[in-house]
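Heads up: the structure comes next, in structure tokens.
The values are calculated or read from the model by the stated rules, or taken from the named source; none is laboratory data. All of these numbers come straight from a predicted model, not from anything done at the bench. Quick reminder, even Gly has a Cβ in these numbers, built from the backbone with ideal geometry, and neighbours come from all protein chains shown. To get the accessible areas, we keep the full protein, side chains included, count just its heavy atoms, and leave off ligands, DNA and RNA. Shrake-Rupley method; radii C 1.70, N 1.55, O 1.52, S 1.80 Å.
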Amino acid sequence: MYADSLNYRDGKKEIGIIPKKGEAMGTCATFSRKYICCRVHVLRTVQNCPFECSYCFLQHYLTDGLTKAVDDTATLMQEVKEKISRQPRRLFRIGTWELGDSLALEEKTGQAAGLVREFARLDNAVLELKTKSDCVEPILGLEHRGKTVVSWSLNTGHVIETEEHLTPSLGSRLQAMGRAAAAGYLIGLHFDPMILYEGWEQGYESLARQVSEAVPHEQIAWISIGSLRFNPAMKKTIENNYPGTRLTCAEMVTGDDGKMRYVKPLRVGMYRHMYAVLKKYISGNPLTYLCMERWDVGCMGQGIRPAS
């Protein structure tokens, strides 16, 4: 845990380049048979993030405040190749965002560009670079062969301004998305976490419309939708680090996985609304799924598909 909010922020100021230690590739840490899961694999290449989202679990999870990036891409890829070779008929989706932002540090590390080059040579794996940044220039000229999906974590302008501190604006993210699409990358969209506030319905409809105008619909690989959730013990951490936030004032319940969420009727209403506006503005019926929700909630989602 962080001793205090000052230590939490100090750790974001410098990047430590470290060697790979132990296993780097694994399954999503939130996998549960009670909850819808996309069964994505993760490659732990970065730790910590320069941004300050008030809801981010890293402020409670990391045992020190340091920002780290693994420098030896060859060793990372050796593990990836060995593991995917065991199931040659399976297509692995592998993301680098579990403990940090995939592209936020790219101008200093060059890590993502190295992985894009490596994944371009693989037959049964796709790399997902999920980010809140607008840093795509280092990867635009690469020969990716369609084996990398560049994804964005997106939220309304209100949420970005009030809860996603130090992150690029929505407009900057959408412009970066357009540049990545023009470079031939498939695009992933993650509307997660959806957050309730006065006027949220209009906010998320506007968001869907703006996204639909930023990227060719045929290049959208998948869309995920989720809502605010956090460990009960993290509530105090959020309040200490971000005393101005209103996130912890909402009515919430503790789920089967131990995380606090909005009550079920509210979540179902949020998902139905988001799915409806996505259908309204985005053509082509891209794969749309709920992230970390119970199956009974997924079944009420008006056509939102399970992720398995």
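Inside segment 243-288, residues that are open to solvent by less than 30 Å² (accessible area, probe 1.4 Å), touching a strand residue (DSSP E or B) at 6+ places or on another chain (Cβ under 8 Å) and closer than 28 Å to Leu166 by Cα make up a count of 7.
When segment 51-103 is filtered for residues that are acidic (Asp, Glu), closer than 30 Å to Thr162 by Cα and open to solvent by 40 Å² or more (accessible area, probe 1.4 Å), only Asp64 remains.
Among residues that are over 16 Å from the mean Cα position of the chain (by Cα) and on the phi > 0 side of the Ramachandran plot, Gly65 is not included.
Got at least one residue in segment 143-151 being among the aliphatic types (A, V, I, L, M) and out of contact with any Phe, Trp or Tyr (no Cβ under 8 Å at 6 or more places or on another chain)? No, every residue in segment 143-151 fails to be among the aliphatic types (A, V, I, L, M) and out of contact with any Phe, Trp or Tyr (no Cβ under 8 Å at 6 or more places or on another chain). Here segment 106-139 is the region considered, the condition is being over 23 Å from Ser172 (Cα atoms) and of a type in the set (Asp, Glu), and the residue that is most open to solvent (accessible area, probe 1.4 Å) is Asp123. Search segment 254-266 for residues that are over 11 Å from Val297 (Cβ atoms) and in contact (Cβ under 8 Å) with a residue 12 or more places away in the chain and pair each with any residue that is open to solvent by 30 Å² or more (accessible area, probe 1.4 Å) and hydroxyl-bearing (Ser, Thr, Tyr) when their beta-carbon atoms are under 7 Å apart and the residues are at least 6 apart or on different chains. From segment 254-266, the pairs are Asp257/Ser32; Met260/Thr254.
Do we find that Glu143 is at pLDDT 95 or above, surrounded by fewer than 17 Cβ atoms within 10 Å (Cβ to Cβ) and over 21 Å from Ala250 (Cβ atoms) in this structure? Yes.
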